[in-house]
1. Helix-only estimate, please: 222 nm mean residue ellipticity of the chain, summing -39500 (n - 2.57) across DSSP H runs of length 4 or more and dividing by its residues, to the nearest 500.
2. Please compute the Kirkwood hydrodynamic radius of the chain from all pairs of different C-alpha atoms, in Å with one decimal.
3. From the mean inverse distance of alpha carbon pairs (Kirkwood) and the Cα radius of gyration, derive Rg over Rh for the range 6-66.
4. Just to confirm the filter: which trypsin sites (Lys or Arg not before Pro) across the range 28-67 are DSSP coil and have at most 16 other Cβ within 10 angstrom of their Cβ?
Amino acid sequence: MVRLGELEQQVMGVLWQDDKPEMTVRDVAGHFPDHAYTTVMTVLDRLERKGMVRRIRVGRAYRYAPSGTREEYAAALMHEALSSTTDRSAALVHFAESVSPEEAALLRDVLSASDPNRKRDRTR
């Protein structure tokens with residue numbers, strides 16, 4: 001899992017929130033008036049090398065699109081955090097105790113739906 005610097009996170013935020021499926025460097029740079037166009041271009045190039053964005057050639061220009069969703073990235077970070085501990089169970093317990101009742105209910109629903117025993121029961 002790749003870690004993103006602050007500006008990389010901000011650029012990904014722009015790509016994830018924008019309603020355009022692909023953006024040019026100029027489109028993205030417009031969101032960062034305090035940064036030079038070349039800085040934004042360098043960040044997009046780094047994000048492409050990290051696998052976070054796809055670079056698509058359109059005529060003489062490139063367009064950039066996220067390789068995955070913000071939610072997929074967050075899930076990968078959570079998985080990486082779990083992998084960094086020697087006691088995954090304790091980390092999961094601490095996490096479960098920190099979520100809201102609504103989030104806990106969602107987790108229960110998802111885990112219940114992915115339970116192979118439950119799936120077998122539905123086929124009867």
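Quick note: the coordinates plus some simple rules give every number you see, no bench work behind them. This one's a predicted model, so the numbers in the text were calculated from it and none came from an experiment. A quick note on method: Cβ atoms are made from the backbone with ideal geometry, for glycine too, and the neighbour counts reach across all protein chains shown.
1. -18000 deg cm²/dmol
2. After inverting the pairwise mean of 1/r, the radius is 17.4 Å.
3. Reported Rg/Rh (Cα atoms, Kirkwood Rh): 0.91.
4. Values: sites: 46, 49, 50, 54, 55, 57, 60, 63; in loops: 50, 60.
Those that pass, being in a loop and sparsely packed, are 50, 60.
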